[in-house]
Amino acid sequence: VVSTQSTGRSMKLLLSTLLLVGLVYAEPFKTTANYVDYYPGDPDSNVVLTSPHDGHVRHEQVPDRIQGCYNTTDGTCDWRHDCPGERVYRKCRVITWADRDSSVLALKMRNTMGRELGVMPHLIVSRMHRSKLDPNRDRENAAQHAPIAELTYDTFHGKIKEVHDMFDRPAIHFDIHGYTSHNTDNWLELGYNIRGSELNAGDLNPEVSSIKALAARSDKPFPSIIAGEDSLGKLVMEEGYREAGTSFRAVGQGSLLDVLLIQGMMNG
């Protein structure tokens with residue numbers, strides 16, 4: 001075990017150089033439990049990455065997730081496979097297809113952040129296929145009462161909470177996704193839990209957004225943080241990347257377009 005700081009820096013530099021020239025590939029250190037991979041961050045890191053939808057394990061003892069039964073009285077869903085109610089069209093639906101290489105993207109983001117910032121972020125990846133488990137839903141919808149899927153769900157979210165609890169200062173959490181339905185090349189979508197209709201109407205409430213803690217700490221106007229001069233979208237566009245989403249809104253002088261999606265999250 002290499003323990004000295006100077007030797008550690010030298011080893012990191014050597015490995016980075018070899019990786020950059022394509023001479024070696026080394027799998028980053030990780031721990032695995034219940035189909036959840038955890039790539040530990042550096043002690044000083046306050047960045048978390050998660051990949052919930054790029055798992056490929058189709059456990060034979062976990063039934064496929066199916067549409068739930070819709071309760072017309074209270075509008076709730078029963079996610080048991082033997083639910084006695086009716087499966088109503090467009091109600092209690094499930095999405096079972098996986099993301100496109102979002103865990104690979106998350107690993108590359110982690111390595112790039114570590115290289116550029118000098119501090120390696122934390123990364124948690126669900127390896128169970130989305131047809132068996134969707135970690136981004138409530139537990140009943142996510143696992144549909146399958147014990148093995150429930151264990152993976154609890155492990156995934158338990159690890160996230162464990163990492164969050166490490167921080168004694170503000171941190172940021174990026175949930176990484178990769179769409180299979182978009183015929184675009186190198187587009188980026190940013191999600192803040194704000195609907196396109198709310199964005200277009202200028203109805204921007206920080207309390208319902210996924211960056212409400214960041215908004216509370218900032219002295220910048222919330223619209224500017226979301227889709228203006230102080231937004232992540234502006235920084236992304238200045239780096240030459242394109243953004244795509246469900247809606248666009250011109251901000252300021254009309255020279256800036258920023259994108260919000262309902263899905264995805266970026267927690268401040």
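The values are calculated or read from the model by the stated rules, or taken from the named source; none is laboratory data. Since the model is a prediction, treat every value here as computed from it, not as a measurement. Cβ coordinates were reconstructed from backbone atoms using ideal geometry, including for glycine residues, and neighbour counts include every protein chain displayed. When the accessible area is computed, the model is the full protein with side chains, heavy atoms only, and any ligands, DNA or RNA have been set aside. Shrake-Rupley method; radii C 1.70, N 1.55, O 1.52, S 1.80 Å.
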Restricting to the stretch 87-104, count the residues that are more than 18 Å from residue 135 (Cα to Cα) and either of a type in the set (A, V, I, L, M, F, W, C) or in contact with a Ser or Thr (Cβ under 8 Å, 6 or more places away or on another chain) (or both). 1
The lone exception for residue 108 - which of (1) under 16 Å from the mean Cα position of the chain (by Cα); (2) surrounded by 15 or more Cβ atoms within 10 Å (Cβ to Cβ); (3) without any contact (Cβ under 8 Å) to a residue 24 or more places away in the chain it fails: (2)
Any residue in the stretch 227-238 that is over 16 Å from residue 191 (Cβ atoms) sitting within a Cβ distance under 8 Å of a residue that is basic (Lys, Arg) and surrounded by fewer than 16 Cβ atoms within 10 Å (Cβ to Cβ)? List the pairs, counting only those 6 or more apart or interchain. 230/220
Among the candidates 96, 112, single out the residue that is assigned to a helix (DSSP H, G or I), out of contact with any Phe, Trp or Tyr (no Cβ under 7 Å at 6 or more places or on another chain) and β-branched (Val, Ile, Thr). 112
Can you tell which of 93, 87 is closer than 29 Å to residue 173 by Cα and open to solvent by 50 Å² or more (accessible area, probe 1.4 Å)? 93
Say whether the condition of being at pLDDT 90 or above, open to solvent by 70 Å² or more (accessible area, probe 1.4 Å) and closer than 27 Å to residue 173 by Cβ is met by at least one residue in the stretch 73-83. no
Any hit, the stretch 3-12, residues being modelled with pLDDT under 95 and among the aliphatic types (A, V, I, L, M): yes
Restricting attention to the stretch 35-66, the residues that are within 23 Å of residue 178 (Cα to Cα) and either part of a loop (DSSP other than H, G, I, E, B) or at pLDDT below 95 (or both) number exactly 13
Between a first residue in the stretch 150-179 that is free of Cβ contacts under 8 Å to residues at least 24 places away in the same chain and a second residue that is part of a helix (DSSP H, G or I) and open to solvent by less than 70 Å² (accessible area, probe 1.4 Å), which pairs have beta carbons less than 6 Å apart while being 6 or more apart in sequence or on different chains? 150/143; 153/142; 153/143
Assuming residue 31 fulfils every condition listed in (1) touching a strand residue (DSSP E or B) at 6+ places or on another chain (Cβ under 6 Å); (2) modelled with pLDDT under 95; (3) surrounded by 11 or more Cβ atoms within 10 Å (Cβ to Cβ); (4) not aromatic (Phe, Trp, Tyr) apart from one, which condition is it? (3)
